[in-house]
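Scroll down for the structure; my scribbles are underneath it.
The values are calculated or read from the model by the stated rules, or taken from the named source; none is laboratory data. All of these numbers come straight from a predicted model, not from anything done at the bench. For neighbour counting, all protein chains shown are included, and Cβ atoms are generated from backbone atoms with ideal geometry for every residue, glycine included. SASA here: full protein model, heavy atoms, side chains in, ligands and nucleic acids out. Shrake-Rupley method; radii C 1.70, N 1.55, O 1.52, S 1.80 Å.
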Amino acid sequence: MAVLNEEQSMLRDAAKSWTQEKSPVTAFRKMRDSGVEIGYDAQAWNEMAEMGWAGVIIPEEYGGSAFGYLSIGLILEEMGRNLTASPLIASGVGAASALVLGGSDAQKSEWLPKIADGSVVGALAVDEGAHHAPEKVALAATKSGTGYSLSGAKSFVIEGLAANLLVVSARTSGTPGDKDGITLFLVPADAKGVSRKRLALADSRGAANITFDKVEVGADAVLGAVDKGWDVLEKTLDRVRAALAAEMLGAANQAFETTLDYLKVRVQFGQVIGSFQALQHRAAKMFTDLELARSAVEAALQAIDADSPDVPELVSLSKAKMGDVFHLVSNEMVQMHGGIGMTDAHDAGFYLKRARAAEAAFGSQSYHRDRYARINGY
Amino acid sequence: MADFGGGDPEAFRKEVREWVDANFPAELKGRPNPMMREERAKPSEAQEAWRKAVGAKGWGTPTWPSQYGGGGLGTAEARIIQQEFGRAGAYNPIGGMGVMMFGPTLLEYGTEDQKLEHIPPICRGDVQWCQGFSEPGAGSDLAALQTRAEDKGDHFLINGQKIWTSGAQYADWCFCLVRTDTSKKHEGISFVLFTMHQPGVEVRPIKLIAGSSPFCETFFTDVRADKKNLVGPLNGGWTIAKRLLQHERGGLSGAGGGGMGGRSLVDLAREYVGVDAQGRIADPDLRTRVVQHEIEGRSFQQTALRAMLESKGNSGPSAATSIMKNAGTSWMQLRHELTLEIMGHQGLGWEGDAFKPEELGAVRGWLGGKAFTIYGGSQEVQSNIISKRILGLPDLTQHN
Ligand SMILES: Cc1cc2nc3c(=O)[nH]c(=O)nc-3n(C[C@H](O)[C@H](O)[C@H](O)COP(=O)(O)OP(=O)(O)OC[C@H]3O[C@@H](n4cnc5c(N)ncnc54)[C@H](O)[C@@H]3O)c2cc1C
Ligand SMILES: Cc1cc2nc3c(=O)[nH]c(=O)nc-3n(C[C@H](O)[C@H](O)[C@H](O)COP(=O)(O)OP(=O)(O)OC[C@H]3O[C@@H](n4cnc5c(N)ncnc54)[C@H](O)[C@@H]3O)c2cc1C
């Protein structure tokens with residue numbers, strides 16, 4: 001665990017006790033069983049917003065606390081442990097970062113205070129296929145009067161069903177695959193021509209496919225510069241990836257600890273199964289990997305807070321490493337629980353499903369390994 | 001120890017630089033450290049002069065107390081010495097097991113007389129030590145050792161066999177684990193010191209897969225260790241041995257995150273495998289494994305840094321330190337494997353001028369590196385320690 005300041009310790013303690021009390025895994029199970037379409041408990045989200053969590057990276061002048069990314073990472077880690085579902089990453093990190101990094105004063109004043117108090121939920125509408133590929137933007141924005149008309153489709157938009165505000169990447173010139181020619185737009189989700197289809201995913205979290213049919217927006221909907229949206233988009237995505245890695249770190253640690261507890265109580269062959277070396281050495285390997293992953297995740301968040309030039313490579317490093325480790329630990333959780341781990345009544349399946357969904361989101365291990373190599377010139 | 005005690009680091013740097021310029025023999029510039037060679041030749045006059053000069057300053061062991069011949073300096077000053085040696089193309093001629101493991105252990109557990117007798121020659125590089133721990137029947141289960149020490153009043157008489165004793169053929173002294181009570185296992189072991197230059201000591205070098213013979217079978221027949229050279233209490237040697245092994249492991253894992261020197265895998269791959277039109281390593285399968293290895297190395301370094309910061313902060317020493325040996329040694333071994341693979345057939349040369357020194361070094365390094373996960377507590381024994389001490393899982397083998 002990184003060395004924390006007083007603020008950060010308080011935030012982490014608050015997150016720990018709130019998630020354990022108000023949002024343990026049983027709450028996630030209840031949410032899933034209820035079939036609530038947005039994929040999270042709106043009441044719980046209100047409480048998080050009241051505690052100021054949605055504004056942790058938002059400047060104070062816009063209603064946030066500006067505690068930074070390591071701080072929000074601490075909250076997300078605790079949420080990850082308990083599989084707490086919420087739009088904190090999509091809105092409090094994704095939409096908020098895009099606005100902070102690229103928004104005009106007017107856009108920031110209009111949206112950031114509402115994101116900070118939780119009354120607006122933002123989401124990033126970026127990908128258009130089953131694999132993360134943020135430069136492959138085909139959704140077209142064409143000039144229309146003084147503004148633009150957007151047509152095309154976005155897929156697997158995280159919290160896309162709950163969102164009131166969509167940050168949409170659109171093509172204003174060039175062809176899919178070009179980083180140039182991408183423009184970001186702020187589009188209210190209830191704008192005419194926007195239609196959303198809920199996606200039921202294995203991890204039971206909120207996601208939607210969204211189509212844009214001649215959606216008219218004004219010139220003031222452009223976030224940042226026309227054709228030059230890539231820079232803000234990539235920086236925003238790196239913040240989301242680092243935050244997601246923090247959530248994954250918490251989830252993977254909890255998956256490991258739950259498994260370790262089971263190894264200490266389950267008796268077979270007259271002894272606890274944790275006395276079998278075949279399991280002990282796999283546990284030691286997981287522990288080692290979790291420590292390395294923690295270092296990588298914390299280093300990425302700290303680099304963002306320091307606005308360091310190596311943010312892109314440290315983020316890709318952390319998402320790749322964390323993805324590998326969560327993958328391993330979630331598989332072992334099921335395996336080491338034997339038959340009980342296969343049952344829906346046990347939590348192991350939740351962690352397994354969440355692992356794969358989080359691995360795929362905003363770039364899988366192979367995406368980030370490739371990106372890490374390219375950044376380093378090979 | 002306070003760094004600089006309020007003094008000026010730049011003044012100290014200047015002092016070191018001038019001293020190195022005045023004392024480091026030009027003919028040794030950029031030459032490898034003879035201490036690092038597995039098989040030692042008779043040192044040249046210049047090598048001897050450099051060793052004596054550094055030894056007299058105590059700068060080969062800069063952080064050890066000056067009353068025992070160390071430099072009496074802080075870690076920041078030690079770093080400056082290291083940097084200035086590096087700048088001048090000079091090596092630290094003071095090393096070996098005395099510096100790495102035995103000295104730090106004796107400073108902690110030795111009596112004043114023992115420290116005054118044994119530490120200064122280590123600091124001067126006058127005396128080389130070897131580690132008499134492992135036996136044919138006592139490897140990972142070190143406490144099963146059987147070499148006997150009989151009490152003869154003012155001395156012990158030692159009989160038995162050690163094995164895998166690194167550098168025994170060059171060593172002047174041995175720090176040795178012996179059995180002084182056969183009725184108990186761990187509580188019947190004592191830690192004694194004796195000179196290797198006495199009748200009854202026989203060393204037989206063993207050739208390794210890498211072709212050299214850096215270690216030996218060592219036989220003791222009526223070998224004598226004076227009572228004053230018993231370290232710690234009689235039958236209390238196990239605690240001291242465990243501490244010494246921690247120093248050994250620390251030294252091993254420290255090298256993990258990139259401390260291997262040499263060119264990066266990416267550089268090597270560019271040369272031996274080539275790149276595609278986009279500048280990527282041309283073999284995509286290899287490229288993936290190289291990236292994975294780079295990422296692993298970076299996260300290892302980040303963990304070492306985090307452990308250091310955490311031990312300074314209030315959170316106390318981190319559990320992270322205990323995993324470093326396994327993570328670091330696996331990483332180094334994989335680096336050797338990848339180096340070989342990248343060089344292809346050029347990386348398999350055994351000797352001869354068809355191969356560059358770097359290529360011949362790769363194959364020897366690869367073979368020698370297999371020992372990293374065996375000595376200092378094997379990979380499996382480390383995993384046992386993690387699962388027992390950190391994870392609290394039951395211990396079926398009892399002692400590790
Ligand atoms: C989908 C499914 C269908 C099944 N169908 C049937 C069926 O039709 N009929 C039937 O009788 N049973 C059935 N089973 C039960 C199945 O045989 C058991 O789940 C299996 O024997 C494992 O036992 P367990 O679940 O109690 O796990 P445990 O034995 O408690 O094992 C837990 C973990 O400990 C490990 N472990 C246990 N002992 C050791 C050891 N000595 N050394 C190292 N590791 C060890 C296991 O490998 C596992 O990873 C089914 C199970 C499933 C999941
Ligand atoms: C290059 C080199 C230099 C060395 N230098 C020295 C030296 O200077 N002085 C000295 O005293 N010794 C030295 N050693 C010896 C070293 O400490 C031992 O090799 C080591 O302790 C392992 O003992 P062993 O070789 O008897 O293997 P064993 O203990 O027989 O182990 C064989 C295999 O079994 C595994 N194993 C053993 N116990 C367990 C267990 N409980 N659980 C799971 N797996 C287990 C091991 O991990 C290993 O894979 C050196 C060794 C090497 C390779």
Can we say residue A:123 is within 22 Å of residue A:47 (Cβ to Cβ) and either part of a loop (DSSP other than H, G, I, E, B) or within 21 Å of the chain's Cα centre (by Cα) (or both)? yes
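Checking the conditions here, which among A:372, A:378, A:367 is within 14 Å of chain B (Cβ to nearest Cβ), surrounded by 19 or more Cβ atoms within 10 Å (Cβ to Cβ) and out of contact with any helix residue (DSSP H, G or I) (no Cβ under 6 Å at 6 or more places or on another chain)? Step through it out loud before you land on a result.
On the way: A:372 fails: out of contact with any helix residue (DSSP H, G or I) (no Cβ under 6 Å at 6 or more places or on another chain); A:378 fails: out of contact with any helix residue (DSSP H, G or I) (no Cβ under 6 Å at 6 or more places or on another chain).
Selected residue: A:367, the only one of A:372, A:378, A:367 that is within 14 Å of chain B (Cβ to nearest Cβ), surrounded by 19 or more Cβ atoms within 10 Å (Cβ to Cβ) and out of contact with any helix residue (DSSP H, G or I) (no Cβ under 6 Å at 6 or more places or on another chain).
Give the number of residues within the range A:257-281 that are more than 9 Å from every other protein chain (Cβ to nearest Cβ) and either of a type in the set (Lys, Arg) or in a strand (DSSP E or B) (or both). Steps first, please.
Within the range A:257-281, the subset more than 9 Å from every other protein chain (Cβ to nearest Cβ) is A:257-259, A:261-262, A:265-270, A:273, A:278.
After this cut, where a residue has to be either of a type in the set (Lys, Arg) or in a strand (DSSP E or B) (or both) as well, the list is A:266-268.
So the answer is 3.
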Search the range B:46-65 for residues that are within 13 Å of residue B:34 (Cβ to Cβ) and pair each with any residue that is open to solvent by 20 Å² or more (accessible area, probe 1.4 Å) and in a helix (DSSP H, G or I) when their beta-carbon atoms are under 7 Å apart and the residues are at least 6 apart or on different chains. B:46/B:27; B:47/B:34
Is at least one residue of the range A:240-259 open to solvent by 20 Å² or more (accessible area, probe 1.4 Å), on the phi < 0 side of the Ramachandran plot and within 16 Å of ligand 1 (Cβ to nearest atom)? yes
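Right, residue B:190: away from ligand 1 (no atom under 16 Å from the Cβ), open to solvent by 40 Å² or more (accessible area, probe 1.4 Å) and either more than 21 Å from the chain's Cα centre (by Cα) or closer than 20 Å to residue B:109 by Cβ (or both) or not?
For residue B:190, the condition - away from ligand 1 (no atom under 16 Å from the Cβ), open to solvent by 40 Å² or more (accessible area, probe 1.4 Å) and either more than 21 Å from the chain's Cα centre (by Cα) or closer than 20 Å to residue B:109 by Cβ (or both) - is not met.
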Within the range B:367-397, the count of residues that are within 12 Å of chain A (Cβ to nearest Cβ) and more than 16 Å from ligand 1 (Cβ to nearest atom) comes to 10
Based on what the data block shows, is residue A:263 touching a strand residue (DSSP E or B) at 6+ places or on another chain (Cβ under 8 Å), open to solvent by less than 10 Å² (accessible area, probe 1.4 Å) and either hydrophobic (A, V, I, L, M, F, W, C) or modelled with pLDDT of 95 or more (or both)? yes
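Here are A:313, A:298: which of them is closer than 23 Å to residue A:72 by Cβ, more than 17 Å from the chain's Cα centre (by Cα) and either within 16 Å of ligand 2 (Cβ to nearest atom) or facing chain B (nearest Cβ under 10 Å) (or both)? Before you say what the answer is, go through the steps one by one.
Numbers: A:298 fails: more than 17 Å from the chain's Cα centre (by Cα).
Result: A:313 is the single residue among A:313, A:298 that is closer than 23 Å to residue A:72 by Cβ, more than 17 Å from the chain's Cα centre (by Cα) and either within 16 Å of ligand 2 (Cβ to nearest atom) or facing chain B (nearest Cβ under 10 Å) (or both).
Please verify whether residue A:129 is in a strand (DSSP E or B), surrounded by fewer than 22 Cβ atoms within 10 Å (Cβ to Cβ) and not hydrophobic (A, V, I, L, M, F, W, C), treating the condition exactly as stated. Spell out the reasoning first.
On the way: in a strand (DSSP E or B): no; surrounded by fewer than 22 Cβ atoms within 10 Å (Cβ to Cβ): yes; not hydrophobic (A, V, I, L, M, F, W, C): yes.
Spelling it out, it is not the case that residue A:129 is in a strand (DSSP E or B), surrounded by fewer than 22 Cβ atoms within 10 Å (Cβ to Cβ) and not hydrophobic (A, V, I, L, M, F, W, C).
Scan the range B:34-45 and tell me whether some residue there is open to solvent by less than 20 Å² (accessible area, probe 1.4 Å) and in contact (Cβ under 8 Å) with a residue 12 or more places away in the chain. Full working, then the answer.
Of all residues in the range B:34-45, those open to solvent by less than 20 Å² (accessible area, probe 1.4 Å) come to none.
There is no residue in the range B:34-45 that is open to solvent by less than 20 Å² (accessible area, probe 1.4 Å) and in contact (Cβ under 8 Å) with a residue 12 or more places away in the chain.
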Cβ contacts < 7 Å: first residue closer than 18 Å to residue B:63 by Cα, restricted to the range B:108-119; second residue among the small types (Gly, Ala, Ser), any location; separation 6+ or different chain. Result? B:109/B:232; B:119/B:69; B:119/B:103
Under 9 Å between Cβ atoms, at least 6 apart or on separate chains: pull out the pairs that start in the range B:136-157 with a residue that is within 14 Å of chain A (Cβ to nearest Cβ) and within 16 Å of ligand 1 (Cβ to nearest atom) and end on any residue that is of a type in the set (Asp, Glu) and open to solvent by 30 Å² or more (accessible area, probe 1.4 Å). none
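Does the range A:67-78 contain at least one residue that is within 23 Å of residue A:301 (Cα to Cα), open to solvent by 50 Å² or more (accessible area, probe 1.4 Å), in contact (Cβ under 8 Å) with a residue 40 or more places away in the chain and part of a helix (DSSP H, G or I)? Before you say what the answer is, go through the steps one by one.
Narrowing the range A:67-78 to residues within 23 Å of residue A:301 (Cα to Cα): A:67-78.
Cutting the leftovers down to open to solvent by 50 Å² or more (accessible area, probe 1.4 Å) gives us A:67.
Adding the requirement that they be in contact (Cβ under 8 Å) with a residue 40 or more places away in the chain leaves A:67.
This time we only want the ones that are part of a helix (DSSP H, G or I), so: none.
No - not one qualifying residue is present in the range A:67-78.
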Subset of the range A:282-292, residues away from ligand 2 (no atom under 16 Å from the Cβ) and either more than 7 Å from chain B (Cβ to nearest Cβ) or of a type in the set (Lys, Arg) (or both), comes to A:286, A:289, A:290
For the range A:50-64, check the following and say yes or no: at least one residue is open to solvent by 40 Å² or more (accessible area, probe 1.4 Å), under 27 Å from residue A:293 (Cα atoms) and modelled with pLDDT of 95 or more. no
Going through the range A:269-300 in order, the residues found to be within 10 Å of ligand 1 (Cβ to nearest atom) and in contact (Cβ under 8 Å) with a residue 60 or more places away in the chain are A:273
For the condition more than 13 Å from ligand 2 (Cβ to nearest atom), aromatic (Phe, Trp, Tyr) and open to solvent by 60 Å² or more (accessible area, probe 1.4 Å), what is the one hit in B:331, B:350? B:350
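Is there a residue being assigned to a helix (DSSP H, G or I) and within 13 Å of residue B:68 (Cβ to Cβ) anywhere in the range B:128-146? Please lay out each step first, then the result.
Pass one, the range B:128-146, residues assigned to a helix (DSSP H, G or I): B:142-144.
Okay, now just the ones that are also within 13 Å of residue B:68 (Cβ to Cβ), so none.
Looking for residues that are assigned to a helix (DSSP H, G or I) and within 13 Å of residue B:68 (Cβ to Cβ), one finds none in the range B:128-146, hence no.
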Of the residues in the range B:209-236, those that are assigned to a strand (DSSP E or B), more than 30 Å from residue B:41 (Cβ to Cβ) and open to solvent by less than 40 Å² (accessible area, probe 1.4 Å) number 3
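Taking the conditions exactly as written (more than 26 Å from the chain's Cα centre (by Cα) and among the hydroxyl-bearing types (Ser, Thr, Tyr)), does residue B:183 satisfy them or not?
So residue B:183 fits the description; yes.
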Of all residues being closer than 12 Å to residue A:355 by Cα and open to solvent by 40 Å² or more (accessible area, probe 1.4 Å) in the range A:312-343, which is farthest from ligand 1 (Cβ to nearest atom)? Just the residue, please. A:324
Of the numbered conditions (1) over 17 Å from the mean Cα position of the chain (by Cα); (2) under 30 Å from residue A:241 (Cβ atoms); (3) of a type outside the set (Ser, Thr, Tyr); (4) at the interface with chain B (Cβ under 9 Å from one of its Cβ atoms), residue A:335 fails exactly one; give the number of that condition. (4)
The one condition residue A:305 fails out of (1) away from ligand 1 (no atom under 16 Å from the Cβ); (2) buried (at least 23 other Cβ atoms within 10 Å of the Cβ) is (2)
How many residues does the range A:344-364 hold that are open to solvent by less than 10 Å² (accessible area, probe 1.4 Å) and within 16 Å of ligand 1 (Cβ to nearest atom)? 2
What pairs can you find where one residue is in the range A:306-326 and in the same structural domain as residue A:242 (by TED's automatic domain parsing), the other is of a type in the set (S, T, N, Q), and their Cβ atoms are less than 7 Å apart, with a gap of 6+ or different chains? A:313/A:376; A:317/B:299; A:320/A:365; A:321/B:299; A:323/A:364; A:323/A:365; A:324/A:365
Filter pass, residue B:159 being among the polar types (S, T, N, Q), at pLDDT 95 or above and open to solvent by 20 Å² or more (accessible area, probe 1.4 Å): yes
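Given the condition in contact with a Phe, Trp or Tyr (Cβ under 7 Å, 6 or more places away or on another chain) and more than 11 Å from ligand 2 (Cβ to nearest atom), answer yes or no: does some residue in the range B:204-216 qualify?
In the first step, residues of the range B:204-216 are kept if they are in contact with a Phe, Trp or Tyr (Cβ under 7 Å, 6 or more places away or on another chain); the result is B:206, B:215.
Next, from what is left, pick out any that are more than 11 Å from ligand 2 (Cβ to nearest atom): none.
So far as the range B:204-216 goes, no, none of its residues is in contact with a Phe, Trp or Tyr (Cβ under 7 Å, 6 or more places away or on another chain) and more than 11 Å from ligand 2 (Cβ to nearest atom).
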